1. With a/c under 1.5 counting as rounded, go ahead and sort region 7-107 into rounded, prolate or oblate using the C-alpha gyration tensor (a ≥ b ≥ c being the square roots of the eigenvalues; past the cut-off, prolate if a/b is larger than b/c, else oblate).
2. Quick check on packing: order 55-64, 14-23 by the mean number of other C-beta atoms within 10 Å, highest mean leading.
3. Once you place label points 7 Å from the Cα toward the Cβ at residue 68 and residue 51, how far apart are they in nm?
4. Among 77, 27, what is the fewest-to-most ranking by other Cβ atoms within 10 Å?
Amino acid sequence: MKTLDIVEIVLASKENSNITYCLRLNEKKIGSITIMEKGIENIWIDEVYRHKGYGTVLLNHVEWIIKTACYSQAEVEAVGTDAEPFFRKKGYVLSEDECGEYRGFKKLK
């Protein structure tokens, strides 16, 4: 008999206006995402689990939260070069700053 994987997104911490959610697979933390008032400040997926859809799960969750709060766009702050292609693929318009990090937005439907 094949067992099913259990994927959970849980609230990990809330500090001022920053909220961090953790992504767990079978009770093991494999990723996290931090959001500000209406945007994403940080996203991380354990290297072993990248390119398997888990980042999309986290991003979709946060975009839903942002839409529920009545914002029409999501913003990203200080995205490193590793995450830049991921955000572009997900429809974010990004521009590089003087530190080599990316900032941008996506209109939410």
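1. Taking the square roots of the gyration eigenvalues as a ≥ b ≥ c, region 7-107 is oblate.
2. The peptides rank, most packed first, as 55-64, 14-23.
3. Going from the residue 68 label point to the residue 51 one covers 3.3 nm.
4. 27, 77
Every number here is computed from the coordinates shown, using simple stated rules; none is lab data. Everything numeric in this text was worked out from a predicted model, so none of it was measured. Counting neighbours? That spans all protein chains shown, and the Cβs are built from the backbone with ideal geometry, glycine included.
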